[in-house]
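Encoded as structure tokens, the structure appears first; notes follow it.
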Amino acid sequence: ETCLLNGLETNTDYEFRVLGYAGLESGSSPISSVYVYQLVPGSGTGLNTLLYGPITSRHLNQHFHFEQRLSPTVDVDQATGSLFSNTNLTSAMVIYRGKIILPLTGTYTFTAVVEGTDGSALYINGSECFNAFASASLKKATKELDAGEHDIELIYRSVNTKKSFSFTWALEGVWSERPVPMTQLKP
């Protein structure tokens, strides 16, 4: 059976207990605590993305290539080829910049995973969370953050043939590790 409760306030703990009756018999559940959150919905479309390269084996007469685009999510999974759309460079630095919209206040864990000797860095509100460019395939950062928009910068260095970079988030006590959806990322 469903029970609809009105008038609850956000950012408040409530205690509930279920009472049951069966004829003359009755009983109750243990008290359970429920926290009511105020959700900040996302209206994002992705992050600004800058690619430049090559970052390895560049000859003196070879020019750098730059490309800008909007990336809906931070998720690279490419077995071969170039990250660029107009050149076949095999190495690149990819910089994602914009805002991350946090729907709730709480303790967030951000995780970046790269392939082999590729590297990554994460900055939130201008503060370094991690900067790992020496064979660090998995990096995590945990931060207490308020709901709302926060500046974010993610850097991915691709030097391998296989290009692989994923970025996930988890909110303690609310959801486990999952990709950050496009709606929570703004250019």
*For the stretch 117-158, list the strands (runs of 3 or more DSSP E) that sit wholly inside it and hold at least 1 residues that are over 18 Å from GLU177 (Cβ atoms) and not acidic (Asp, Glu); which are they?*
119-124, 127-132, 148-158
*Just checking, how many residues over the stretch 86-95 are buried (at least 18 other Cβ atoms within 10 Å of the Cβ), in a loop (DSSP other than H, G, I, E, B) and of a type in the set (Val, Ile, Thr)?*
1
*Taking into account only those residues within the stretch 174-185 that are in contact with a strand residue (DSSP E or B) (Cβ under 7 Å, 6 or more places away or on another chain) and open to solvent by 60 Å² or more (accessible area, probe 1.4 Å), which is nearest to ALA147 (Cα to Cα)?*
VAL174
*In the stretch 96-110, which residue that is among the β-branched types (Val, Ile, Thr) and crowded, with 18+ Cβ neighbours inside 10 Å is nearest to the chain's Cα centre (by Cα)?*
ILE100
*Residue count for the stretch 115-130, restricted to those that are open to solvent by 10 Å² or more (accessible area, probe 1.4 Å), out of contact with any Leu (no Cβ under 6 Å at 6 or more places or on another chain) and touching a residue at least 12 places away in the same chain (Cβ under 8 Å)*: 6
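Are there any strands (runs of 3 or more DSSP E) wholly within the stretch 1-82 with 1 or more residues that are at pLDDT below 85 and of a type in the set (D, E, K, R), and if so which?
Hits in the stretch 1-82: 12-16.
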*From the set of residues in the stretch 67-85 that are without any contact (Cβ under 8 Å) to a residue 40 or more places away in the chain and in contact with a Phe, Trp or Tyr (Cβ under 8 Å, 6 or more places away or on another chain), which is surrounded by the most Cβ atoms within 10 Å (Cβ to Cβ)?*
SER71
*In the list ASN125, ASN160, ASN131, which residue meets the criterion of being in contact with a His (Cβ under 6 Å, 6 or more places away or on another chain) and either closer than 16 Å to THR56 by Cβ or polar (S, T, N, Q) (or both)?*
ASN125
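Take the conditions open to solvent by 10 Å² or more (accessible area, probe 1.4 Å) and free of Cβ contacts under 8 Å to residues at least 60 places away in the same chain and apply them to ASP151. Does it pass?
Judged against the criteria, ASP151 is a match.
The values are calculated or read from the model by the stated rules, or taken from the named source; none is laboratory data. Since we're looking at a predicted model, the values are computed, not measured. Here the Cβ is made from the backbone with ideal geometry for all residues, glycine too, and neighbour counts use every protein chain on show. These area figures cover heavy atoms from the full protein model, side chains too; ligands, DNA and RNA do not enter into them. Shrake-Rupley method; radii C 1.70, N 1.55, O 1.52, S 1.80 Å.
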